[in-house]
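The next block holds one structure in the form of structure tokens; read it before the comments.
The values are calculated or read from the model by the stated rules, or taken from the named source; none is laboratory data. What you see is a predicted model; the values in this text were computed from it and never measured. Note: ideal-geometry Cβ built from the backbone for every residue, glycine included; neighbour counts use all protein chains shown. Areas reflect the complete protein model, heavy atoms only, side chains present, ligands, DNA and RNA absent. Shrake-Rupley method; radii C 1.70, N 1.55, O 1.52, S 1.80 Å.
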Amino acid sequence: MEGTDRWQWMRDELRQLSERNQYRRLEPTGWLEGGWIERSGRRMLNLASNHYLGLSNPLPNGTDGAEEGDAGMRLGAGASRLITGNDPVYDRFEREFAAYKGTESSLVFSSGYMANVGVISALAGRGDYVFSDRLNHASIVDGIALSRAKCSRYRHRDIGQLERMLRSVPAGAKKLIVTDAVFSMDGTTAPLPELVELKERYGAILMVDEAHSGGVYGEEGQGLAHALGLQRRVDVQMGTFSKAYGACGAYVAGDAVLIQYLINKARTLIYNTALPPIVMSAVRANWLTIRSEPWRREALFQRAAWFRRALNECGFDTGDSESHIIPLLLGDNARAVDFGAALQAEGIAAVAIRPPTVPEGAARIRFTVMATHRLQDLQWAVERIAAVGRRMGIVP
Ligand SMILES: *Cc1c(COP(=O)(O)O)cnc(C)c1O
């Protein structure tokens, strides 16, 4: 792959679309009164919206739930972004967000599930090869299934097995490696430097899902790839605004040609109503907070490390967790359900996670800490968790 443009296949397909007059681009679309819009600087009557009853007006101040500054922000986008739903708030955010992520471009999706399904099925198709960590999120699994590509699942973080798989497919084949950055049920982190090295050696595309690491890792919360200085070497950075960002929606960040390709090929962007503009605006506000308040990240790391150590000192097995996601491994489904119920009776909300969310025989309680947890409350919780563990004969 060295010396060639690794996105040449995308450029070729985009050129073909353009020759067939099928090339799609996002046009900035602002909504005006009376069913008029301003699209690419021109005033037009909007005869393409799905807001049939005209309920798409800006939220007036004083509307239930509306806050100062929300006026002018619409609730519904009114259509897919490629029709007349492309509110200017997306374009502005995508430019700012790409600069923050250290990539050429970025693209907002309506959820993380939509992003994974749309991106993976756009990048891989019949005859291509996808390599997926066994513990990847269900939305990645579904995206691969929809792509119809051949899928090889490698053991959790097993770089050696992944390399053997990469070596065994035809040299010229299109290969996509997908991984969570922080694994949602184990709190482990992906070996990103090794993955980057492998994908470069074998000419594969590397996609990283930063759902649990976005906002959390990196100087200003840019994510794990950025924290490791790999933001230019990971081809597709994806993440959601539904976790640390405290809202909903998702992004993909990468090269400009990749984003153009996704605009043309990602069915969950093309055939899905855009994220509500008012949510986009709220995401942006939370993102500004995430950047400017590093104390939240510091407090989170400190609490996570304390909580994990405290559970281990009680004799609990937290697996290989190295993040703010801390599983308490129990194995048996019934034991996990009983443990969860006992915790709730003690006043602790933590839920049993069972197959198929985790592998058979790997049921657990999944704890996640927050930057805003008070230390004395966490201390109290560990005492109650230990009491339940002793009562159930799990710890001495
Ligand atoms: C939660 C999650 C998603 C899905 O994100 P939504 O915005 O909730 O749809 C995708 N990937 C991972 C790893 C997740 O944890």
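For the reader, a short list of remarks on this structure follows.
- Candidate set from segment 195-235 (those that are part of a loop (DSSP other than H, G, I, E, B) and open to solvent by 30 Å² or more (accessible area, probe 1.4 Å)); member that is nearest to residue 185 (Cα to Cα): 217
- Number of positions in segment 236-252 that are of a type in the set (S, T, N, Q) and either more than 10 Å from the ligand (Cβ to nearest atom) or not in a loop (DSSP other than H, G, I, E, B) (or both): 2
- Lone qualifier among 332, 320 - being touching a residue at least 40 places away in the same chain (Cβ under 8 Å) and surrounded by fewer than 16 Cβ atoms within 10 Å (Cβ to Cβ): 320
- Residues satisfying the stated conditions in segment 382-396, i.e. open to solvent by 100 Å² or more (accessible area, probe 1.4 Å) and not in a loop (DSSP other than H, G, I, E, B): 383, 390, 391
- Subset of segment 344-373 that is assigned to a strand (DSSP E or B) and not basic (Lys, Arg) - its residue that is surrounded by the fewest Cβ atoms within 10 Å (Cβ to Cβ): 351
- Given (1) in contact with a strand residue (DSSP E or B) (Cβ under 8 Å, 6 or more places away or on another chain); (2) more than 15 Å from the ligand (Cβ to nearest atom), index of the condition residue 228 fails: (1)
- Residue within segment 253-266 that is within 14 Å of the ligand (Cβ to nearest atom), closer than 24 Å to residue 121 by Cβ and either of a type in the set (Phe, Trp, Tyr) or open to solvent by 10 Å² or more (accessible area, probe 1.4 Å) (or both) present: no
- For the criterion of being assigned to a helix (DSSP H, G or I), within 14 Å of the ligand (Cβ to nearest atom) and open to solvent by 10 Å² or more (accessible area, probe 1.4 Å), residue 289 fails.
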